[in-house]
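Down below is the structure, laid out as structure tokens.
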Amino acid sequence: MKPLRIIFALIAFSITTTAAAFAAAELLETGSSLVYPLMNLWVPVYTKAHDVKITTQSTGSGTGISQAVAGVAQIGASDAYMSDSQLGSTHMLNIPLAISAQQINYNVPGLNDVHLNLSGPVLAGIYDGSIHFWDDAKIKAINGSLGSKLPHEAIIPIHRADGSGDTFIFTQYLTFSTPSWKSGPAYGTTINWPAVPNAVGANGNPGMVQACQGAKYSIAYIGVSFLDQTNQAGLGYAALQNAAGKFVLPTESNIVAGAAAKDKETPKDERISLIYGLGANSYPIINYEYAIVNPKQKDAATASEVKNFLTWAVTGGQAKTFLDKVHFIALPPSIVSLSKAQIAEIGS
Amino acid sequence: MATVALSGAEKRRSRVAVLDIGLRYGTTAMALVTATIVFLIATFLIVYSWPAIAFNGFGILTHLEWNLGNQYGTGVEHRGGFTGSPGASFGAVVFIAGTIISSAFAMAIATPLAILVAIAMHYQVPRRLKTPVNTLVELMAGVPSVVYGLWGIGVLVPWISSSVGPFLAAHISWLSIIGSGSASGNGLLATSFILSVMVFPIMAATMRDVLSTFPKIVFEGAIGLGATPWQAVTTMVLPAIRTQMFAAAMLALGRAIGETMAVLMVCGSALNQLPQNVFAPINTIAAVIVSQLDSALTDPTGMAERSLSELALILFAITLSVNLIARVIMRGGDRVKRTA
């Protein structure tokens, strides 16, 4: 009798829980693994005060975009904005939720506690195989007195094997700073990586951290929300050369400066790259994290829940208590009002 | 009393008859279902991959380059009546080569070990240890592949990178498959090693079962005539059951070819280049389908997704031909045995 009773209890439980779920509207957010930790901070706080159930998933930006377009998810999270050809004839909103950055990590014993200087052309050389060794003249030239400490060891460039918004922004930096990269591999969430014998592909940001930590003399690009992990792993991170020629670290003020440089250029549909902006202190690899939303939701109730949540995300959700934990930066006021205007377009 | 027993027996007999008929039709139906499922999978793959088959042509079997094309550029590319993103190129040579080479290396490591362990399990292990040893090997076969993958990332890859690679490079670097040693530890050697660890228990367990079908009296007779156990096994037992042993190895090869998760975690996900030595990163068909799917979903032309489906079709064809070849060889082996 006992197993039967357990089954009945389970059935009763599932009926009551589905009934409870039906009472409130249900939203599904899916996509970017960089946005996922932020959603996990936002959703519990938001749903406590509002009668709505929000499910969050970390599936990757590509899945986020395609499921938002297909109508499976109400909110698709993506590190990259949708291109003209991806939008095609569909009308999808690209709404920035926060500003993220990316650091270039490296594992060079003895130099992990200082910050090496790296530039777009040098990184392009490392990733296209024309720069083989850490003591290459081009790396030495931009590192001053540190140059003599660079070892004669082969560099292991690590890139993402899966489709990734991080690949998107990293390759944009190379594209905008280096003509040969622009006419070669260019940028995208997956690109045609040049054949470099030592190169390694890794999966996800955790895989990048692991691979970089595991392989001496390697280099990797990793989302800023993993900065705590890369520091724990003992990896170094580089100061990057910005468009003004200055080498800058991914500090909060440098990221804010970088975002401010692109603030006024941001168009109404907010699809813009923040990479390699002008300004003396601008950190060069930064991006908006996007919510990809269909302006035509299936019914009025869903539309208003999506609007309410996103409006909260770009206002109350911008509090430092949320963003600091994942090293994201709040949207500047002008971007918040652009985002609000886009959110207002959501209907049914 | 007697009549009751008789009618009981009758009832039982008629029930047995019904069960017999049920079994016959039931098993026939199930056999058909199996065949239909294989047929449906093949049909689905071909239909779904059709745009890619037309778009890529034979290029998919000859090109090294796997490139979704520029999704942030303008325009599209037309080929074979279908469209892809500008600059798109879907070549599967790297993945096909990676799949075959890593599986071949894995089999080379695992097969001799599995044969020895199967022999040991059947002939050498004392009776009271047999059950625990058998259970252990079967448990090994049941460990989820992601567990092997985690062990690969956490232990195997760093070990290859810091010890195995430098050691081999220092001592036998003249051997071109060793080259200048390992860089990151991820790659062909790590993949083959993990695959061999995964297929070894399956092979050992099936081979032990094959050995147990061989009459023990022949082995004991050989010992009685003065053969050493090694001579008995190598001259009497193994030649007699070699086709079944081969079938067991093929079963394991099937798993190695299709293994995804553990491979994805240690293979180094090479793109656009073939491995130059045993430490070089590789990629397999199964692993690349998983790692490229998310990006493929963002291709507005949908061609990337279709091309991944074509990769799956190629994997399906490889697995099927391995099976067919195995069957042909086994039939040949049987014929030899019969005429001998």
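A few points about this structure:
- Seen against the Cα atoms of chain B and their longest principal axis, helix B:285-296 is set at about 40 degrees.
- Against chain A, whose longest principal axis is taken from its Cα atoms, helix A:2-23 shows a tilt of about 80°.
- For chain B, built as a Gaussian network whose Cα springs stay under 10 Å, the top-fluctuating residue of B:292, B:276, B:231: B:231
- Helix A:61-70 vs. chain A, principal-axis angle (Cα, 0 to 90°, nearest 10): 30 degrees
- Applying the Karplus relation 6.51 cos²θ - 1.76 cosθ + 1.60 with θ = phi - 60° to region B:317-330 yields 3J(HN,Hα) values of 5, 4, 4, 4, 6, 4, 4, 5, 4, 4, 4, 4, 4, 5 Hz, where x marks Gly and Pro.
- Between residue A:260 and residue A:336, the contour length at 0.36 nm per residue exceeds the Cα-Cα span by 26.1 nm.
- Whole-angstrom gap from region A:286-328 to region A:21-80, using each part's C-alpha centre: 9 Å
- The order of the peptides B:16-28, A:295-307 by mean Cβ neighbours within 10 Å, most packed first, is A:295-307, B:16-28.
- Phi to ³J(HN,Hα) by Karplus 6.51 cos²θ - 1.76 cosθ + 1.60 over region A:324-337, Hz, x for Gly, Pro: 4, 5, 10, 6, 7, 10, 5, 5, x, x, 5, 6, 4, 6
- Pairs of lysine residues in region A:231-348 - Cα separation under 15 Å, sequence separation of 8 or more or cross-chain: 4
- Euclidean distance of C-alpha centroids, region A:143-199 and region B:73-97, integer Å: 23 Å
Just so you know, all these numbers are worked out from the coordinates, no wet-lab data involved. Being a predicted model, the structure only gives us computed values, none of them experimental. For neighbour counting, all protein chains shown are included, and Cβ atoms are generated from backbone atoms with ideal geometry for every residue, glycine included.
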